[in-house]
């Protein structure tokens with residue numbers, strides 16, 4: 001990373017928080033309509049050849065650390081296809 005390009009932690013939290021609720025995105029705040037977009041096929045329409053979408057509830061930004069076993073299982077399942 002280049003110095004000065006990454007905002008301070010508090011600034012990031014402020015950008016990704018909802019003022020009304022105080023909940024940040026990784027705590028379930030999200031953007032309105034996101035779940036409908038993902039589960040309703042909108043996301044899939046932008047990604048050619050996408051076969052499966054895995055949505056993990058209750059995880060933050062570092063899902064590979066928070067749920068390492070589950071992530072590894074999904075990655076292994078994907079790689080076995082080739």
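The values are calculated or read from the model by the stated rules, or taken from the named source; none is laboratory data. For clarity, every value in this text was computed on a predicted model and none was experimentally measured. Glycine gets a Cβ as well: all are built from the backbone with ideal geometry, and neighbour counts include every protein chain shown.
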Would you mind finding the one in 39, 26 that is modelled with pLDDT under 85 and surrounded by 11 or more Cβ atoms within 10 Å (Cβ to Cβ)?
-> 26
Tell me, which residue of segment 42-70 that is assigned to a loop (DSSP other than H, G, I, E, B) and more than 26 Å from residue 82 (Cα to Cα) is modelled with the highest pLDDT?
-> 62
